[in-house]
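Worksheet: one structure, shown below.
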Amino acid sequence: MVGARVHSRRAFLARVGVLGAAVGGGGLLTRSLLAPADAATDSLLPPAVDLIRPVLAELARDTLNGLTVFAMPGRDPYSRTQGTPSPTPGAIEAGATDFIINSLDNFVPFPDAIAQPVGSALVTGLADSGIALPGLEVLPVDLRRLDRALATYLESDEALPLSFPIAGLLNLMATQVNPLAVNGPHLSPFARLSYAEKAAAFELIERTDADLVELLDVQFPEPLKASVSGLLKFVGGALIEFATFGAYGESAVYDKVTRTLRKRPVGWNHTGYQPDGPVEGWDDFIGYYQGRQKVSD
Amino acid sequence: MRDVIVIGAGGGGPVVAKELAAQGLDVLLLEAGPRHAKPREEWTTFEDDANNPLTGYLRWGPSDRDKPAWYREWPQNSFVWQLSGVGGTTQHFYGNYPRAYPGVFEGYDGPDRNGYDVDHRFPFTYGELVPYFEWVEATMPVMTAAMGHKEQTFFRGAETLGLPVQTTKTTHRPSYRPQENAILQPGGTAGKTADKDLLVYPKATGCTFCGYCFQGCMRPNGAPRNQFAKRSTDNSYVPMALTAEVWSRGGKPVELIADAFVTQVHTEKRHGVLTATGVTWRSGDTEHREDARVVVMSGGCTENPRLWFSSGLPNPNGWVGRGYTDHFFDWVFGVFGDYTGNPKGVGSSARLDYPPYGGLENVGLPPALAAFAGTLSDSGIRGHYKNGRGRTGPWDGPAGRVMGPELKEVLSHGMDRLLSVLVITDDDVEAQNRVTLSALPADENGPIPKVTFKQRQRTARTLRNREFMARKAAELLRGAGAEKVYRIDWAPLILHVQSSMRMGSSEQNSVVDPRGETRAVKGLFIADNSALSNGLGGPNPTLTAQALATRTAEKIFATYFDGDPWVRSSAPVVSTDPRISVRLAQLGL
Ligand SMILES: Cc1cc2nc3c(=O)[nH]c(=O)nc-3n(C[C@H](O)[C@H](O)[C@H](O)COP(=O)(O)OP(=O)(O)OC[C@H]3O[C@@H](n4cnc5c(N)ncnc54)[C@H](O)[C@@H]3O)c2cc1C
């Protein structure tokens, strides 16, 4: 029983990307880094939190790189992994990942009362889908130590950045679509998917009968549970639209102080939008249709 | 004690405020969001800076942009585009001002009379509203729109559909035409040059074809606020309300307070009748309360029900918040070999009306908003998954998001070679589409609203109309010469909002009586889009909402202040009147 539980736990952490990000091939934590936190007892817990926070942040960034190139591919490695490299700059150059992270972590007025339990569920949930994950053994780690660091982080008073549960959701779906994505280039399962597999991951999120809340195994009281379930459907659409808006917008090159652009936005170059920058007007007035300037009954 | 307190300075509230101020009443106008008094210092022309719903200067949130926006619950893939601030959602609207179709009013007996939402008509005739249409049209003023290349392209397509050109204000039959817009048409250098130095008021007057309707109108540069081209209420009715004493004999300027979020409508029983007595609002962390003889709710289709519920007002027939209509939009765009002028000029200056199915209009968008519009779908991602839909038709391939490599290819073909058509559905009033209070945590102003739209379970008529109009859009684009046509099958993009506190003749399914007063609370009126009886058949709603609000202002004056109506007996003052400009300058506005 215990063995099964540990396996399932390991599988879950691998699926949301935490295990791989922490200790996998490109992992950010080494055993030795985790070990000291475990060596002593409670007094060393804060360092564990300090260790896990950047891991989760990097994991989120990597996952969201995978999302933004899905919206606008470019010449970057993520677009190559996705199988849709492009000769011209894409979302990465357009700063779309920063845009998404900043939006999620600082501006989405998502109630903590929802973000926190979903986030925790993505770390503590068991969600054993029965999918066999290959290669788990290449992620050697003392699960207990990693779990302890995570638990400490989640129990601390820090507000959980929303980018983390969002990344967790994408990664969970990614491994549902392609179990092999637990290992490979980049830090996150989602970033390892092909373009078609990413679409399949979104199909799962958007599918109207998929009860993601069940899958996440979060315990929300009704009527909150119904709300969370609806919210996740909204989130699926919103992630796509926001990633695209960010990729084609000016946010990365906008100077808030001077209220001008430091550079021409990537999206403007692609689309040929206002070649000489902002205008006061255009000479596009042709006349009135059929010469009519006024109508009446 | 005020005569009248108006809640919300968006499309509807300033109309009542201005009309009653002109009659000399003491009016307080409360607006939850910011007052953008100096747009040249506060605004830019950039999409993210302006329109990002989380952080933009035109968003649904408090004035302080470092604070998060106000969160709303949408339990489906959808987007409810609310705006706070003086001007409300008209700050970024397109100023398209068609009249409602006659078929949505009581007493209509045209041959297509059974084709409309016959169970939810306006409780009076079209003819009854005509003087109010004319009043608003003269006040704004509403003008026939000039044509740019995108309109020329649209008309080229419309000409192939075998429909007549409409040359009247009233829509009598399927037809196409230039928009009637609440936009001052180009004068002087406007529309004729891109040279900044020449595009200065008064060398340039009216619309300069800048293409920034969605980012807020502050052109021509140097014009007084009430001479900016687009007649959002912050450029038209609000300036009039604030200067009522200079253009109306006996007029009394309205007091406008921004950053004032109303959290409670107060009532008491008077002679056994529940009656409105005043409101409480929050400014920052302080609460204020004032009483009034009449309270007018103009917070919009989503916020009025919220305020109603959180004030604990009665809802005897269960219709508060129900019957929300949104024209169940769709988006069809064409890729052209030639120049279309897509992002230039007024957002939309051409339309096609198709009673009793709905209508079409061209819409120009800058890149990020165009990309957003191409990826908001209920039909998955083209070529990958259909989310149970993905219809085929006279467009290319299945409907769905144009995403990733495909979107990049389409947009890289050039913004200037696209033409987008907004598909507007004549949609039914349905009880299931509604606003309730959310179970999610309250915000600083109380429990938040939840906006539910069951887009897949809409009535057979609504769904049929949408398919019909989407096909027409594709045919129009083909006729105009599009090389490729895409249908997105939008998830609900809720920005033509109507009828969530609907006016009706039946006590069974309406919140507001035919005079605009709520059935459950005396002295409480609704004057904005939520009071509309239905979705108007598809025409953009603001003109009709403002005509109705003007009528409601008369009813308020007659019922509670013993006054006479004025619309049939006097001439309106145009909102561009120079006396208003002079007074605005004195006020530092
Ligand atoms: C992109 C876009 C383009 C559009 N184009 C057109 C067009 O071309 N033609 C057309 O007719 N319509 C158009 N519309 C729709 C148009 O904006 C609305 O019809 C109109 O603004 C509705 O007016 P309203 O008064 O009902 O609501 P709003 O304009 O939304 O105004 C409500 C106001 O009340 C305030 N408020 C809400 N609650 C409170 C409270 N509790 N206390 C204090 N204040 C409160 C809000 O902050 C807001 O300012 C467009 C909309 C969008 C989003």
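The values are calculated or read from the model by the stated rules, or taken from the named source; none is laboratory data. Just so it is clear, the model here is predicted, and its values are computed rather than measured. Reconstructed Cβ throughout: ideal geometry from the backbone, glycine too, with neighbour counts over all protein chains shown.
Points to keep in mind about this one:
- Taken together, the residues in region B:239-263 that are closer than 12 Å to B:Ser581 by Cα and either within 15 Å of the ligand (Cβ to nearest atom) or assigned to a loop (DSSP other than H, G, I, E, B) (or both) amount to 1.
- Flag for B:Asn77 being within 19 Å of the chain's Cα centre (by Cα), within 14 Å of chain A (Cβ to nearest Cβ) and more than 11 Å from the ligand (Cβ to nearest atom): no
- No other residue among B:Thr160, B:Thr144, B:Thr208, B:Thr167 is surrounded by fewer than 24 Cβ atoms within 10 Å (Cβ to Cβ) and without any contact (Cβ under 8 Å) to a residue 40 or more places away in the chain apart from B:Thr167.
- When residues of region B:152-185 are limited to those that are small (Gly, Ala, Ser) and away from the ligand (no atom under 16 Å from the Cβ), the one farthest from the other protein chains (Cβ to nearest Cβ): B:Gly162
- Of all the residues in region B:269-295, those that are loosely packed, with under 13 Cβ neighbours inside 10 Å and either of a type in the set (S, T, N, Q) or assigned to a strand (DSSP E or B) (or both) number 6.
- Residue among B:Val573, B:Val567 that is of a type in the set (A, V, I, L, M, F, W, C), under 23 Å from B:Ala223 (Cβ atoms) and more than 18 Å from the chain's Cα centre (by Cα): B:Val573
- Residue match in region B:499-510 (condition: within 16 Å of the ligand (Cβ to nearest atom) and closer than 30 Å to B:Gly250 by Cα): no
- If you filter region B:35-56 down to residues that are farther than 20 Å from A:Gly249 by Cα and part of a loop (DSSP other than H, G, I, E, B), you find that the one that is farthest from the other protein chains (Cβ to nearest Cβ) is B:Arg35.
- The listed residue being without any contact (Cβ under 8 Å) to a residue 12 or more places away in the chain, more than 9 Å from every other protein chain (Cβ to nearest Cβ) and more than 29 Å from A:Arg207 (Cα to Cα), out of B:Arg59, B:Arg65: B:Arg65
- Sole residue being within 30 Å of B:Tyr560 (Cα to Cα), crowded, with 20+ Cβ neighbours inside 10 Å and more than 10 Å from the ligand (Cβ to nearest atom), chosen from B:Ala22, B:Ala9, B:Ala32: B:Ala22
- Residue within region B:214-227 that is in contact with a Gly (Cβ under 6 Å, 6 or more places away or on another chain), touching a residue at least 24 places away in the same chain (Cβ under 8 Å) and either in a strand (DSSP E or B) or surrounded by 24 or more Cβ atoms within 10 Å (Cβ to Cβ) (or both) present: no
- Members of region B:529-548 that are farther than 18 Å from B:His120 by Cβ and near the ligand (Cβ under 8 Å from one of its atoms): B:Asn540, B:Thr542, B:Leu543
- The set of residues in region B:97-127 being without any contact (Cβ under 8 Å) to a residue 60 or more places away in the chain, part of a helix (DSSP H, G or I) and not polar (S, T, N, Q) consists of B:Arg113, B:Val118, B:Tyr126, B:Gly127.
- The single residue among B:Arg515, B:Arg551 that is over 21 Å from B:Tyr94 (Cβ atoms), in contact (Cβ under 8 Å) with a residue 24 or more places away in the chain and within 16 Å of the ligand (Cβ to nearest atom) turns out to be B:Arg551.
- Matching residues, region B:479-494, being assigned to a loop (DSSP other than H, G, I, E, B), buried (at least 18 other Cβ atoms within 10 Å of the Cβ) and of a type outside the set (Val, Ile, Thr): B:Ala482, B:Asp489, B:Trp490, B:Ala491, B:Pro492
- Counting only residues that are closer than 19 Å to B:Arg177 by Cβ, at the interface with another protein chain (Cβ under 7 Å from one of its Cβ atoms) and either touching a residue at least 60 places away in the same chain (Cβ under 8 Å) or not polar (S, T, N, Q) (or both), region A:276-297 holds 9 of them.
- B:Gln227 meets each of the listed conditions (1) under 22 Å from the mean Cα position of the chain (by Cα); (2) within 16 Å of the ligand (Cβ to nearest atom) apart from (2).
- For region B:179-205, a residue qualifies if it is of a type in the set (Asp, Glu) and surrounded by fewer than 18 Cβ atoms within 10 Å (Cβ to Cβ), and the qualifying residues are B:Asp195, B:Asp197.
- Identification of helices (runs of 4 or more DSSP H) wholly contained in region A:177-276 with 3 or more residues that are within 27 Å of B:Arg382 (Cα to Cα) and modelled with pLDDT of 90 or more yields A:195-206, A:224-248, A:266-271.
- Checking B:Asp378, B:Asp426 one by one, the residue that is over 25 Å from A:Asp76 (Cβ atoms) and within 16 Å of the ligand (Cβ to nearest atom) is B:Asp426 and no other.
- Selected residue (only one of A:Ser32, A:Ser79 is in a helix (DSSP H, G or I) and at pLDDT 65 or above): A:Ser79
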